[in-house]
1. Testing the spin-label approximation: label points 7 Å from Cα along Cα→Cβ at B:Leu217 and B:Val39. State their distance in nm.
2. Under a Cβ-only charge scheme (Lys and Arg +1, Asp and Glu -1), can you give me the dipole magnitude of the range A:119-197 about the Cα centre, in debye to the nearest 20?
3. With the convex hull built on the Cα atoms of the range A:1-54, state its orientation-averaged projected area in nm².
4. Can you pull the mean other chain C-beta count within 10 Å for peptide A:103-112?
5. Taking amide H positions as placed 1.01 Å from N in the peptide plane, with prolines and chain starts having none, which residues 5 or more places from A:Ala205, or on another chain, fall under 5 Å of its amide H?
6. Output the relative contact order of chain A, whole-number percent, from Cα pairs under 8 angstrom with separation of 6+ residues.
7. Need one word for the range B:199-266: rounded, prolate or oblate. Basis is the Cα gyration tensor (sqrt eigenvalues a ≥ b ≥ c); a/c below 1.5 gives rounded, then a/b vs b/c decides.
8. Pop the C-beta distance of A:Phe253 and A:Gln328 into the FRET formula with R0 = 25 Å and round what comes out to the nearest 0.05.
Amino acid sequence: MRVPVSYSFRNLWTRRLTTILTAAGMALVVFVFAAILMLAEGLQKTLVETGSWDNVVLIRKGSQSEVQSGIERLQASILETQPEVAVGADGRRVLAKEVVVLISLPRRGTDKPSNVIIRGIGDQSMAMRPQVRLTEGRMPRRGSAEILAGASVAQRFSGAGIGETLRFGMRDWTVVGIFDAGSTGFSSEIWGDADQLMQTFRRQAYSSVIFRLSDPSAFDAFKARVESDPRLTVEAKRETRFYADQSEVMAKFLRILGMSLTIIFSLGAVIGAMITMYAAVANRTAEIGTLRALGFQRRSILAAFLVESLLLGLIGGAAGLFFASFLQLFTISTLNFQTFSELAFSFTLTAGIVWQALLFSLVMGFVGGVLPALRASRMKIVDALRTT
Amino acid sequence: MGLLKLFLRNAFRHKLRTGLTVLGITIAILAFGMLRTMVNAWYAGVEASSANRLVIRNAISLVFPLPLAYKDKIRQVSGVTLVSWGNWFGGVYIEEKNFFPNFAVDPRSFLALYPEYLIPDPQKAAFFGDRKGAVVGKKLADKFGWKVGDTVTLKGTIFPGNWEFTVRGIYRGKDRSVDETQFFFHWEYLDETMKKTAPRRAGQVGYYIIGIANPNLAGEVSAAIDAAFKNSLAETLTETEKAFQMSFVSMTEAILIAIQLVSIVIIVIIMAVVANTMAMTARERIGEYAVFKTLGFGGWFIAGLIFGESLFISLLGTAIGIGLTFPAAEAFADYLGTYFPIFFVERETVLMDLAAGVLVGVVAALFPTWRAVNIRIAEGLRRIG
């Protein structure tokens with residue numbers, strides 16, 4: 001004979017204060033757990049979507065980011081003539097020689113400056129990145145001091161909104177357009193004409209060369225040939241790989257920090273659940289004795305208490321997830337240690353995270369409840385009935 | 001005295017429950033202490049900066065260099081006592097995960113400006129005399145087993161090529177707040193090599209650090225320097241070392257805020273756990289409180305009982321937690337020294353731990369006390385378990 005689930009539920013209801021306190025503790029833990037998964041997911045999504053599989057990025061050998069890299073004009077020209085470079089509908093090669101530098105700009109609202117990537121683009125830059133769309137204004141004219149700002153830069157930095165001007169390199173630059181690159185890293189960049197920017201910053205060399213492969217599977221052969229070419233000192237990476245590498249340290253840091261926090265938190269919550277369940281068992285000794293005397297088996301008692309504890313976990317988990325889902329409204333912007341520039345990304349909730357969080361809360365409920373439930377099921381009928 | 005005994009007896013009536021609660025508090029206080037220490041480690045660079053030093057960098061951003069020729073013009077600005085310069089080298093030792101900060105510096109002026117780096121005189125002389133020499137921090141040398149005279153090769157990321165150095169000195173910090181994981185070498189070596197391989201990049205420095213006579217005049221000196229290079233190809237931005245270090249911290253503000261929030265959340269969680277324990281304890285003993293009241297003890301006595309027990313439990317957990325924070329911090333510093341070169345528990349952290357412990361104890365006792373004090377005797381006696 002089984003003890004009905006409603007028995008467990010009503011027990012929780014009777015001890016409302018204790019239930020709320022325990023569930024609140026669990027809810028906070030699940031909140032943190034979900035928040036960390038959402039953050040990692042958001043960062044991942046931002047960086048994976050920043051690159052395209054069939055684009056190749058070339059930077060100087062040994063440099064870790066575009067900012068550190070330098071590719072001389074001669075080398076860039078050699079790369080431009082490689083047979084693997086795709087040819088577009090207009091008969092031109094789908095390749096861009098870009099220059100990438102950091103500038104420090106003050107954030108809106110505060111005086112605190114932060115580093116922003118400014119990218120000098122070529123004719124094909126936009127076409128090669130289908131995720132980038134112009135949402136407001138127009139493209140900058142070639143040879144003029146006009147720039148485009150990424151959506152999240154326009155929002156967060158003063159002077160980067162449409163129609164406003166930024167001053168750097170002894171010139172005033174007018175923002176003539178805003179581009180939206182979804183949740184990719186490009187949204188945290190400013191784009192302008194490569195030649196203009198090179199002159200402004202007195203740069204003689206490009207930072208990177210990016211092109212689309214005419215045949216995506218030809219990458220390995222291309223990489224091997226180009227990297228052993230004595231005229232060139234470059235390193236080739238697929239664009240997806242390139243951006244994933246750039247956030248490795250950051251992602252690892254978030255993961256370690258997040259996981260250690262979750263473990264510590266869940267220990268606290270499990271202890272809380274255990275205390276609650278032990279107390280529930282101790283308080284109801286006579287009740288358990290009565291149930292046993294009525295003919296309920298040890299197994300049923302064990303199940304009833306486990307169900308109670310699992311319910312507690314589930315309530316906490318659901319509450320934690322509910323609050324965590326509001327995090328999606330926030331955008332985090334922080335310094336990426338590797339590129340030394342600001343990167344904005346947002347919390348992303350996926351079905352997978354919902355499952356993981358709920359499962360996690362059930363596990364916490366189970367671990368917290370299993371020992372007390374065992375104690376309850378092991379009681380001898382006579383002893384249990386004798387206690388008042 | 002009798003009351004104290006009562007707390008003890010009461011607290012250990014449910015040994016398992018009290019034990020679990022104390023364990024929970026210990027974990028929470030340990031985590032809280034570690035997170036506070038981590039936040040402090042974040043600010044280590046800011047704390048270690050001197051009011052007597054200003055940093056000059058390119059106004060566009062740190063990645064743009066300044067001409068070496070500026071040094072004489074800077075020296076002429078009144079109030080400037082010493083001019084030193086350097087470059088962030090960004091070299092990699094064998095592989096990327098061995099990260100440590102490495103700089104090309106002008107040795108004599110650099111060491112004069114940073115008296116907190118202590119190097120034995122013979123090593124100092126050897127370093128000055130060897131253009132390919134380097135000085136490294138004690139912790140860094142220990143980590144890779146470097147000794148004076150060893151050859152170390154760094155792979156350049158910003159300046160291409162393999163760079164060979166000979167360790168000529170090992171510095172120690174004057175106190176614990178000095179970062180002992182850095183690597184310094186001759187700026188001349190960098191510049192000479194650049195002249196050969198990439199002449200356009202020679203004669204460029206990443207930043208200037210200057211010593212000033214009077215820290216109160218930092219604002220005027222900065223303004224004078226920036227004015228001197230206004231409308232030139234490389235405009236400068238001069239700020240105090242503290243502000244310079246602070247700019248790095250503020251760029252990672254989001255993570256910092258998250259850590260601080262989390263450290264508060266963990267205290268809230270443990271508050272819920274302890275409050276739960278106390279609520280259960282008080283509920284079970286409602287009958288006893290009614291008996292106390294019948295005997296003529298006042299509400300204050302009962303309040304004292306509950307508060308005393310709650311504080312006893314939370315402070316016991318806090319004490320164990322604080323005790324464990326120190327070895328934990330040491331282990332952490334060994335393990336993740338590359339991210340946080342300066343990682344030690346400050347006295348302030350311990351005080352905050354204690355404050356958190358008291359707060360948890362008090363808050364946990366509030367609601368049960370209110371119930372126990374307000375319950376009517378007859379009602380209390382009638383209640384069972």
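1. 3.8 nm
2. Values: 9 positive and 9 negative charges, 9 e Å.
Using only the charged Cβ atoms, the result is roughly 40 debye.
3. Values: hull surface 27.7 nm².
Hull-based average projected area comes out at 6.9 nm².
4. Mean partner-chain Cβ count within 10 Å for A:103-112: 3.
5. For A:Ala205, no residues qualify.
6. Numbers: 726 pairs, mean separation 110.3, N = 388.
In percent, rounded to a whole number, it is 28.
7. On the way: a/c = 3.13, a/b = 1.83, b/c = 1.71.
Prolate shape, in that a/c is at least 1.5 and a/b is the bigger ratio.
8. Working: r = 22 Å, r/R0 = 0.89.
FRET efficiency, A:Phe253 to A:Gln328: 0.65.
The values are calculated or read from the model by the stated rules, or taken from the named source; none is laboratory data. Note that the structure is predicted; figures quoted are calculated from it, not measured. As a convention, Cβ positions derive from the backbone with ideal geometry for all residues, glycine included, and neighbour counts pool all protein chains shown. Ligands, DNA and RNA are stripped out before the accessible areas are found, and what is left, the full protein with its side chains, is counted by its heavy atoms. Shrake-Rupley method; radii C 1.70, N 1.55, O 1.52, S 1.80 Å.
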